[in-house]
1. Determine, yes or no, whether THR450 is touching an Asp or Glu at 6+ places or on another chain (Cβ under 9 Å), hydroxyl-bearing (Ser, Thr, Tyr) and buried (at least 20 other Cβ atoms within 10 Å of the Cβ).
2. Just checking, does region 74-93 include any residue being among the hydrophobic types (A, V, I, L, M, F, W, C) and under 30 Å from GLU8 (Cβ atoms)?
3. If I go through region 1-48 residue by residue, how many of them are closer than 30 Å to TYR179 by Cα, out of contact with any Lys or Arg (no Cβ under 7 Å at 6 or more places or on another chain), modelled with pLDDT under 90 and not in a helix (DSSP H, G or I)?
4. Considering only residues that are buried (at least 19 other Cβ atoms within 10 Å of the Cβ), assigned to a loop (DSSP other than H, G, I, E, B) and at pLDDT 90 or above, which ones fall in region 190-230?
5. So if I check each of PRO606, PRO613, which one is open to solvent by 20 Å² or more (accessible area, probe 1.4 Å) and touching a Leu at 6+ places or on another chain (Cβ under 7 Å)?
6. Are there any pairs, at least 6 apart or on different chains, whose C-beta atoms fall under 7 Å, with the first in region 4-24 and surrounded by 14 or more Cβ atoms within 10 Å (Cβ to Cβ) and the second of a type in the set (Lys, Arg), and if so, which?
7. Only one of (1) buried (at least 22 other Cβ atoms within 10 Å of the Cβ); (2) without any contact (Cβ under 8 Å) to a residue 40 or more places away in the chain; (3) part of a loop (DSSP other than H, G, I, E, B) is not met by TRP535, so which one is it?
8. Condition check: on the phi > 0 side of the Ramachandran plot and either part of a strand (DSSP E or B) or small (Gly, Ala, Ser) (or both). Does GLY57 satisfy that?
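The values are calculated or read from the model by the stated rules, or taken from the named source; none is laboratory data. None of the values given here were measured: they were computed from a predicted structure. Reconstructed Cβ throughout: ideal geometry from the backbone, glycine too, with neighbour counts over all protein chains shown. Just so you know, the surface numbers come from the protein's heavy atoms only, side chains and all, with ligands and any DNA or RNA stripped out. Shrake-Rupley method; radii C 1.70, N 1.55, O 1.52, S 1.80 Å.
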Amino acid sequence: MASIADIEEKIATEISRYIYPDNLTVYGESSINQNVKICRGWPQETELGKDMMSSPGTSWVAINQKSGSAKNTTRYNRRWQTLEDDTNFGLQVTDASEASNAVTFLGTAYTSGVAGVIIDGTAYPVPVQIGYTAELITQNICKLINSVSLLSPDCSGSKISLDNDSKIIGRCAKNIQLYRELSRSSIAICVSIFSPSIIQRDKIENAVMDALLSSDELSTPSFDHGAISFLNREINDTNLNANTYRVDLIWNIEFSIIETMLTPPVLWPGGEVNSLMQIGLKGAKTLTPPMIGALRFDAWYGMTTDVEKQCAAALSNAQWSDRLPLTAQITDSTSLSWSVITQDVMDAEINYAIDSGISFWVFNRFSIDNWLTDAINFYINSQVENKIKFCLSTPYSIIESLSTNDKIIETDLTLLENDNYIKTSLGEYLYFIVLNSTQISLNIINKYITNLRNACKKSNLPNLYITILIDSINYEYFFDVANSGIDFDSISFQKISSIPSGDTSYTKLTHACEIAWKKASQTGFPIIPTAMAGWDRRPLIDNPQPLFPLIGGETTGGFYEQPQSEELVSHIKMLENFIIDNDSCPSNIGLIFSWNNFVEGSWISPTYSQNKPEIDRINAVNSILSSISDFEIFN
């Protein structure tokens with residue numbers, strides 16, 4: 001499906017198949033024992049009125065795009081992808097081995113492709129069209145060899161053989177169909193039911209719901225459309241005609257406009273196949289490295305908030321002295337506090353972040369006016385040259401608590417106008433909304449997103465790339481959010497908060513992350529994957545704090561070991577490779593949890609020590625993020 005007309009036609013077809021499974025259109029032989037007319041567009045008023053008044057009455061099902069519902073949801077890079085095709089080529093080669101001096105082609109081509117031979121490392125390919133026989137292909141290959149070389153192959157029927165010591169290898173394959181998405185839209189489709197009685201209307205409504213929800217094609221995402229989802233039911237009885245009972249069933253679906261092309265398969269040892277696809281080193285092209293950001297947890301810049309005080313209390317045991325922030329002040333063995341943030345402290349942090357190679361920080365809002373500390377203000381005011389970028393994150397709980405979100409939007413606009421705000425590869429501002437509860441109001445969150453987008457448009461700012469950041473991975477909740485109807489552009493998770501049994505290696509945590517990336521990508525929605533720099537909540541288990549409730553089953557005996565430098569490097573490299581290799585990551589962005597969540601055992605930031613800051617993790621991250629300026633990929 002690549003147009004609204006295609007979608008409407010498919011919906012009409014699915015409903016028709018359900019109501020008339022055997023293509024029967026005679027009243028009494030439909031699956032619901034009702035006479036129903038199914039069409040795209042609106043029924044003619046005279047005909048509709050006649051059908052409503054007939055005995056027995058004839059109902060109508062009309063399929064139309066809902067006015068004003070179209071929305072541009074283009075978000076994927078224009079990257080060529082392979083369109084899976086199980087069509088049999090029809091040709092094959094025998095005796096095609098390194099030690100052979102003869103090859104035989106068999107069969108007839110069912111589709112277009114390429115066939116040829118390799119003799120002593122030189123390829124002799126010829127095009128194949130539908131209907132070409134093995135004999136014809138053999139003749140064409142021999143003609144090519146004779147015209148461009150001094151070889152004299154023996155061509156007999158469909159067999160090519162050599163009478164010298166040269167070795168010949170035969171190869172053939174069908175052409176590969178590629179596609180790329182040019183644009184994507186989300187639309188609402190109105191399925192209107194007109195019936196002469198409520199009973200008939202209700203019966204047809206049930207049939208329509210069953211037909212569309214059980215449709216394999218409509219409910220399964222494809223390369224050019226998403227899964228259809230039910231949005232709303234609207235009664236539309238105006239009492240102008242007592243014999244007409246109407247209900248509108250509103251559905252949502254995304255579809256894309258794509259372009260396709262055929263290209264030869266890669267069969268040969270070298271050489272240029274065509275102007276688009278090249279083989280080997282000549283086919284190398286550069287790809288922009290992923291932008292990796294780190295989530296901040298700014299509870300380390302004074303002792304004025306409850307969060308800062310509780311973090312200090314949890315980390316006061318000397319056992320946790322290897323995970324203290326640079327602002328730590330230790331007065332005795334049990335007293336721990338954080339010094340007040342200054343511009344010098346933030347400038348030093350920015351320089352460390354630059355040294356690490358990360359691209360941006362994510363600042364999280366903890367109340368309407370508070371980003372937990374003044375960290376973001378000191379970041380904005382920093383004069384450090386070429387400082388890393390930043391973006392914003394707002395919890396849904398704050399959005400929900402407000403009668404109006406004008407104040408948040410006003411603050412956000414000021415920050416979005418900053419030159420250092422991060423943009424995705426699509427040129428849109430990255431903005432996170434954090435969800436940590438299953439109880440969300442679709443109306444509240446979408447109203448906030450709409451108002452924020454409109455405010456950006458009014459201020460002539462780029463569009464927002466809204467990413468739903470689920471606090472902790474829960475696959476069932478992840479899929480529910482993905483299909484909830486929230487107006488987002490991508491979805492992510494903040495951390496893996498699984499509870500290990502006993503002392504568990506860091507590699508098991510990274511493996512859990514990699515599984516989560518793959519499962520998330522299978523939703524069919526764009527994602528931003530997250531790597532974990534650790535997860536060890538023992539300070540909060542030993543010394544519980546009100547703002548950090550324990551997760552069921554947590555004990556001091558269950559934790560993930562802190563990563564060795566090479567383990568952290570390997571994990572972030574896997575994150576980069578996943579982003580590069582997966583079209584589910586169109587923003588070209590990944591996250592690290594986290595920059596400075598010391599209390600939950602996840603950080604890459606420098607830590608406090610008596611002599612000088614501990615920067616092993618900064619160096620480790622730098623070794624992978626700063627070592628690659630360009631990636632090379634090969635077709």
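1. no
2. Checking region 74-93: at least one residue is among the hydrophobic types (A, V, I, L, M, F, W, C) and under 30 Å from GLU8 (Cβ atoms).
3. Count: 2.
4. The answer is PRO196, SER215, ILE228.
5. PRO613
6. GLU8/ARG40; GLU9/ARG40; ALA12/ARG40
7. (2)
8. no
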